[in-house]
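Here the structure is laid out as structure tokens; the discussion comes afterwards.
The values are calculated or read from the model by the stated rules, or taken from the named source; none is laboratory data. Model, not experiment: these values are computed from the prediction. We place every Cβ from the backbone using ideal geometry, glycine too, and count neighbours over all the protein chains shown. Heads up: the accessible areas ignore ligands, DNA and RNA and are worked out on the full protein's heavy atoms, side chains in. Shrake-Rupley method; radii C 1.70, N 1.55, O 1.52, S 1.80 Å.
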Amino acid sequence: MSKRSINLLRKSMSPSMKMVAGNTVVLSGGGATTLTADDSGATCVFDTAAASTFTLPTPELGMSFTFVSTITATGDHEIITNTNTYGFLGGATIVSTTADETNAFSAAGTGVNDYITMNGTTSGGIAGSVVHVYAIVGQAEGLSTGEAKSWAVHASLIGSGAMVTPFADA
């Protein structure tokens, strides 16, 4: 891509998006951000302590997103699917900063969990928490197995206190 093309692309991006070495970075800014298929591969940053939400697009096989907390959440930092039909499969490990423990949690094996919530304490969300999601062929109810219909999730979270699962239903 030419330097001119990159500059034109940068000018067309919303203020919450930045290009870093060819990769798109989407900043939450403390609000609700709806991602699109064109954002696939982006690093999505929870850059404010206030409540923030990233909504994933309908999964298409091969899409992926990485979410990073750069500041400890004081309001819920959420990653949600755009419909109850496309849930999460996989799990999260939460390391405690205040107790000598690490806990692991898995999303429901049927793909019905459609929320990942990090609260800055018991469900993760302390600065340095990372979540990777990948669109896969899964087993969500009512859809054929030939469609990408679930998000595989692998999360390494940092929390405090008695850990609880970050996965939930709408």
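Keeping every protein chain present and rolling a 1.4 Å probe, give me the accessible area per residue for segment 36-122 in Å².
Numbers: 3550 Å² over 87 residues.
Solvent-accessible surface per residue comes out at 41 Å².
Using 0.36 nm per residue of separation minus the Cα-Cα distance, give me the extension gain between H154 and N23 in nm, one decimal. Write out the running numbers ahead of the final one.
Numbers: separation 131, 0.36 × 131 = 47.16 nm, distance 2.04 nm.
Taking 0.36 nm per residue and subtracting the Cα distance, the gain is 45.1 nm.
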Kindly provide the Kirkwood hydrodynamic radius of segment 47-98 in Å, to one decimal, from all pairs of distinct alpha carbon atoms.
13.1 Å
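Order these peptides, 76-85, 94-103, 123-132, 55-64, by their mean beta-carbon neighbour count within 10 angstrom, highest first. It would help to have the intermediate numbers written out before the result.
On the way: 76-85: 20.0, 94-103: 14.5, 123-132: 22.6, 55-64: 17.4.
Ranked by mean Cβ neighbours within 10 Å, highest first: 123-132, 76-85, 55-64, 94-103.
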Chain lengthening between A108 and A37 when straightened (0.36 nm per residue, less Cα-Cα):
23.1 nm
At what distance in nm do the modelled label points of E101 and N84 sit from each other, each positioned 7 Å from its Cα along Cα→Cβ?
3.2 nm
From the backbone phi of segment 101-110, what are the Karplus-calculated ³J(HN,Hα) couplings (6.51 cos²θ - 1.76 cosθ + 1.60, θ = phi - 60°) in whole Hz, Gly and Pro given as x?
7, 9, 10, 10, 10, 10, 6, 4, x, 8
